[in-house]
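Just below is one structure, and these are the notes that go with it.
The values are calculated or read from the model by the stated rules, or taken from the named source; none is laboratory data. All figures in this text were calculated on a predicted structure; none of them were measured in a lab. Here the Cβ positions follow ideal geometry from the backbone for every residue, glycine too, while neighbour counts run over all protein chains shown. Please note that ligands, DNA and RNA were not included when accessible areas were found on the heavy atoms of the full protein model with its side chains. Shrake-Rupley method; radii C 1.70, N 1.55, O 1.52, S 1.80 Å.
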Amino acid sequence: MAERIVILGAGESGVGAAVLAQAKGFDVFVSDLGKISDKYKKALQEYKIDFEEGKHREDKILLAGEVVKSPGIPDTAPLILKLKDKGIPVISEIEFAGRYSNAKMICITGSNGKTTTTLMLYHMLKKAGLNVGLAGNVGKSLAWQVAEKNFDYYVLELSSFQLDGMYQFKADIAILLNITPDHLDRYDYKMQNYVDSKFRIIQNLTESDAFVYCCDDEIISKEMENWNSKVQLFPFSVKEELKTGGWLEKELLTIDCNEYKISMDKKDLSLPGIHNVYNSLASGIAGSVLGIRKDAIRESLSDFQGVNHRLEKVVKVRGIQFINDSKATNINSTWYALESMEEPVVWIVGGVDKGNDYSVLYDLVDEKVKGIVCLGVDNEKIHKAFDGRVKTIVDANSMEKAVKLSYEIANKDEVVLLSPACASFDLFKSYEDRGDQFKEEVRNL
């Protein structure tokens, strides 16, 4: 009798894991406590995979030999605790998929910049003519691709939640961009727990693998002091010249990996802001480690088009540039967004606060922000932080109102920046929904 695998969650990763499990001969059951979208329900039906929605039938789930869990389900969920009490392994889709692929895995994590760096690297590998897939938090399910495609490389964006369910999986190139407080509600509000989760990206690395990391990040640097491994280390910095890795000196980016040296003028990068210098250095180092042609690396860093909802220029209205940075769901992301602005800013901020310390934004707000539109159900904390620092600060309980108010405050040759620094779930379904509504309302002006 085939071993039983249960998949908890029927989104992209869950259905992908189910497809791969079925292809490998497992007895598969998919369970989702919510309603399964029509797209994924149709896929399960087409593949003739047994599933349920709106409930978790424990009599069927607790018979599993192994469970693949959606990253959105916390480890503290009662059903997960029951599974662990029974000694039933609970893993992520990435862990499961990795067992059945010999492709090289380039894995990216960090509190900020993951999606941009992942898509930048994918763009680079495609430009170099490599047979590459895109997976993890972006693109298609890794498991689904492993079941039906035959890629030689995968570029994976990995969240801390995905890393938590990974044990034997190994990256060939691991990239750690930065670590700032985020998702602490999932980590007992202990920063070290979150740090440990991010550092799982380097587990199982061997001396033939590469670890690319930001040595300017104080938390990463402190952790690295206690790390002893023969893995190849490639740090990157915008503050100092390094012996190996990548750095910015004056306006020149330099990448030097295993005597593979590339230089590039900062002004030739396609994306503005110091955060994108970091992203470009990380991508360039990974490309160099893979032996991609220098011209392909330079070209990909200069013609990459960026990410939806991340400093996405929408349109100019009456000379006012509207920018959608809805993906900025924490303070650090918004810091980078404000840092990259060169014109006076009307800033749309707010949502579900994650324990934000707005004081780290004071200098940038003093320098660049002329008005604030608070977009959220509860804006008290934002007012407490910025009342008196900014001349104009107003409230909006809908995107339509927020866009209209910002349009009234801004003048020609100024910027309206949606960079909320908060999660979206008080007024919106997701950060994508928030960004899409922003773009729609701007176009309605």
remark   = Computed ³J(HN,Hα) along segment 199-205: with the Karplus parameters 6.51/-1.76/1.60, θ = phi - 60°, integer Hz and x for glycine or proline, the list is 6, 5, 5, 9, 5, 6, 5
ask   = Mind listing the Cα extents of segment 185-301 along all three principal axes, in Å, largest one first?
value = 44, 32, 22
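Can you give the accessible area per residue of the chain, in Å², using a 1.4 Å probe?
Values: 19630 Å² over 445 residues.
Heavy-atom SASA per residue in the chain reads 44 Å².
Using alpha-carbon pairs under 8 Å, 6+ residues apart, how would you state the relative contact order of the chain in percent? Numbers along the way, then the final one.
Working: 935 pairs, mean separation 48.7, N = 445.
Relative CO of the chain lands at 11 percent.
Please report, as a whole percent, how much of the solvent-accessible surface of the chain comes from carbon and sulfur atoms (probe radius 1.4 Å).
Numbers: 9170 of 19630 Å².
Carbon with sulfur: 47 percent of the solvent-accessible area.
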Restraint check, K149/K267; K140/K313; K69/K294; K126/K354, Cα-Cα greater than 31 Å = K149/K267; K69/K294; K126/K354
inquiry  = Using only DSSP helix segments of four residues or longer, with each worth -39500 (n - 2.57), what per-residue ellipticity at 222 nm results for the chain after dividing by its residue count and rounding to 500?
reply    = -9500 deg cm²/dmol
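Could you compute how fast segment 286-445 diffuses translationally, taking Rh as the Kirkwood radius over C-alpha pairs and applying Stokes-Einstein at 20 °C with viscosity 1.002 mPa s? Give it in µm² per second.
Working: Rh = 16.1 Å.
Taking Rh from Cα pairs, D becomes 133 µm²/s.
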request  = Among I372, A143, Y194, pick out the residue whose Cα is farthest towards the positive end of the charge dipole of the chain, where Lys and Arg carry +1 and Asp and Glu carry -1 on C-beta, about the Cα centre.
outcome  = A143
remark   = Filtering the chain for DSSP H helices with an axial alpha carbon extent of at least 20 Å and a Kyte-Doolittle mean of at least -0.5 returns 274-289
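How many percent of Cα pairs in segment 98-151 exceed 15 Å?
Values: 689 of 1431 pairs.
Taking all Cα-Cα pairs of segment 98-151, the fraction more than 15 Å apart is 48 percent.
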query = In segment 55-97, which GluC sites (Glu not before Pro) fall in coil by DSSP and have 13 or fewer other Cβ atoms within 10 Å?
reply = none
ask   = Along the charge dipole of the chain, which of A423, V315, L248 sits closest to the positive end, that is, farthest toward it, with unit charges on the beta carbon of Lys, Arg, Asp and Glu (+1, +1, -1, -1)?
value = V315
Amide hydrogen neighbours beyond the local backbone of S159, cut-off 5 Å, H modeled = N137
request  = Taking the Cα centre of the chain as origin, sum charge times position over the Cβ atoms of Lys and Arg (+1) and Asp and Glu (-1), and report the length of that vector in debye to the nearest 20.
outcome  = 840 debye
ask   = Lys/Arg Cβ at +1, Asp/Glu Cβ at -1, dipole of the chain taken about the Cα centre: which of V132, V28, N112 is farthest positive-ward?
value = V28
task = List, largest first, the extents of the alpha carbons of segment 1-77 along their principal axes, each in whole Å.
result = 30, 27, 20
task = Treating only the Cβ atoms of Lys and Arg (+1) and Asp and Glu (-1) as charged, compute the dipole magnitude of segment 5-153 about its Cα centre; round to the nearest 20 debye.
result = 380 debye
ask   = So what does log10 I(q)/I(0) come out to for the chain at q = 0.09, 0.13 Å⁻¹, using the Debye formula with one equal point on every Cα and no solvent?
value = -0.62, -1.24
Compactness of segment 368-445, expressed as Rg and Dmax over alpha-carbon positions, Å = 12.2, 32
